[in-house]
Amino acid sequence: MINQVYRLVSPRQFEVTYKDRSLQSNYVVIRPTYLSICAADQRYYTGRRGKEAMAKKLPMALIHEGIGKVVYDPLNKIKTGTKVVMIPNTPFEEDEYCAENYLRSSKFRSSGYDGFMQDYLFMNRDRIVELPEGLDSHVSAFIELITIAMHSLVRFEARSHARRNVFGVWGDGNLGYITSLILKRRYPESKVIVFGKNQYKLDHFSFVDETHQIDEIPENISIDHAFEAVGGKGSQDAINQIIDYIYPEGSISIMGVSEYPVEINTRMILEKGITVIGSSRSGRSDFVNTVEFMKEHPEFVEYLGTLVGEVHEVRTINDIIDAFEKDITSSWGKTVIEWKI
Ligand SMILES: NC(=O)C1=CN([C@@H]2O[C@H](COP(=O)(O)OP(=O)(O)OC[C@H]3O[C@@H](n4cnc5c(N)ncnc54)[C@H](OP(=O)(O)O)[C@@H]3O)[C@@H](O)[C@H]2O)C=CC1
Ligand SMILES: O=C(CO)[C@H](O)[C@H](O)COP(=O)(O)O
Ligand SMILES: [Zn+2]
């Protein structure tokens with residue numbers, strides 16, 4: 001069959017590529033249904049990813065957050081129409097000490113390899129996780145982003161000390177919202193404090209114990225562990241502010257992606273004995289955990305509904321451009337694409 005792949009060829013410009021795919025293979029065929037735009041996709045779309053990376057990775061189909069429906073299973077084990085979430089990371093080896101998303105040999109969709117903007121996806125059986133009936137499709141579209149916070153929490157729990165009285169989350173955007181929501185569900189007795197730049201965004205964090213604008217933090221605040229969900233230029237200020245407010249021997253989980261190296265106060269990292277935990281992408285176990293968590297906590301899914309921002313029906317390449325442009329000007333939440341092309 002001929003599959004159409006919608007690739008970014010240069011900033012703000014997409015082209016359709018036609019690829020011949022055989023159904024005589026082990027791949028499960030998925031029709032994408034709901035997709036969501038990640039900050040990483042925007043860096044490619046706008047060309048902010050840097051000349052070298054753009055030249056190396058383009059042309060490629062964007063988007064690594066999304067769900068779909070099974071249309072063909074060569075083994076006939078998965079029923080046609082089954083709703084699934086797609087895992088963008090594809091590992092090619094296993095390592096006892098290194099998770100699939102850190103193996104240098106793994107391929108990540110929409111970062112050098114075609115993402116979900118295609119008519120059909122041909123996925124390995126272990127790269128999909130079945131979704132329960134009735135789970136909100138707009139929220140499910142960005143399950144991958146939820147797995148990022150879940151993965152970071154797993155790493156934090158394996159690497160940090162056991163006093164978890166006060167958590168600080170830096171970043172008043174999507175990832176900050178999801179991370180603080182998961183922290184509050186997982187540690188209901190702990191205090192979760194969110195630090196951000198915008199009062200109108202902080203107002204959405206109704207479920208946390210405190211919120212503060214980063215230039216109005218009370219002097220006496222002390223946190224046991226911190227999560228950074230800022231990225232870009234802001235991550236430098238955020239990490240250095242965390243170093244100032246964290247109690248000695250605490251941990252900082254860094255999730256924000258920066259295009260350029262950031263300068264951080266290493267002297268105080270040493271003096272305070274801080275553990276810095278880097279966390280990037282996610283793997284199958286994080287998707288399974290996340291879907292289970294969503295099944296068990298319907299109120300968690302309801303809160304995530306607050307993050308659904310712009311919803312765009314996409315039927316043409318112009319609609320794709322429209323969705324990305326509107327996402328740039330959107331002031332809150334995730335842009336969801338109803339994939340009808
Ligand atoms: N590690 C991983 O695997 C993943 C990382 N990411 C990365 O995480 C980062 C956040 O993503 P996302 O939440 O979607 O982006 P958002 O833009 O929604 O969130 C970032 C928020 O942080 C605010 N901010 C800026 N500076 C500071 C500061 N010094 N202290 C506190 N808050 C600040 C921003 O405000 P304002 O907009 O006003 O500047 C914005 O509201 C991005 O870099 C993204 O690429 C995303 C997915 C996966
Ligand atoms: O968003 C992400 C995962 O959800 C990562 O930040 C993204 O994969 C980083 O990739 P790139 O190096 O292409 O910017
Ligand atoms: Zn992403």
Checklist entry - Which residues, taken from the range 204-242, are over 23 Å from residue 272 (Cβ atoms) and among the aliphatic types (A, V, I, L, M)? => result 208
Checklist entry - So how many residues does the range 1-59 have that are without any contact (Cβ under 8 Å) to a residue 24 or more places away in the chain and within 21 Å of the chain's Cα centre (by Cα)? => result 1
Checklist outcome for this item: Being surrounded by fewer than 24 Cβ atoms within 10 Å (Cβ to Cβ), over 22 Å from residue 37 (Cβ atoms), charged (D, E, K, R) and assigned by TED's automatic domain parsing to the domain that holds residue 38 narrows 126, 119 down to just 126
Checklist entry - Of everything in the range 129-179 that's β-branched (Val, Ile, Thr) and under 19 Å from residue 116 (Cα atoms), which residue is nearest to ligand 3 (Cβ to nearest atom)? => result 148
Checklist entry - Exactly one of (1) within 16 Å of ligand 3 (Cβ to nearest atom); (2) closer than 18 Å to residue 156 by Cα; (3) surrounded by 16 or more Cβ atoms within 10 Å (Cβ to Cβ) is unmet by residue 250. Its number? => result (1)
Item to check | Matching residues, the range 118-150, being over 20 Å from residue 305 (Cα atoms) and of a type in the set (A, V, I, L, M, F, W, C) | outcome: 121, 122, 123, 128, 129
Checklist outcome for this item: Only one of (1) in the same structural domain as residue 170 (by TED's automatic domain parsing); (2) surrounded by fewer than 21 Cβ atoms within 10 Å (Cβ to Cβ) does not apply to residue 285, and that is (1)
Checklist entry - Looking at residue 154, is it on the phi < 0 side of the Ramachandran plot and in contact with a Lys or Arg (Cβ under 7 Å, 6 or more places away or on another chain)? => result no
Checklist entry - Of all residues in the range 254-284, how many are within 16 Å of ligand 2 (Cβ to nearest atom) and out of contact with any helix residue (DSSP H, G or I) (no Cβ under 8 Å at 6 or more places or on another chain)? => result 3
Item to check | helices (runs of 4 or more DSSP H) wholly inside the range 185-278 that include at least 1 residues being in contact with a Phe, Trp or Tyr (Cβ under 8 Å, 6 or more places away or on another chain), within 30 Å of residue 296 (Cα to Cα) and hydrophobic (A, V, I, L, M, F, W, C) | outcome: none
Item to check | Residue ID - surrounded by the most Cβ atoms within 10 Å (Cβ to Cβ), chosen from residues in the range 187-227 that are near ligand 1 (Cβ under 8 Å from one of its atoms) and free of Cβ contacts under 8 Å to residues at least 60 places away in the same chain | outcome: 195
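The values are calculated or read from the model by the stated rules, or taken from the named source; none is laboratory data. In this text the structure is predicted, and so the values were computed from the model without any measurement. Don't worry about glycine lacking a Cβ; one is built from the backbone with ideal geometry, like all the others, and counts go over all protein chains shown.
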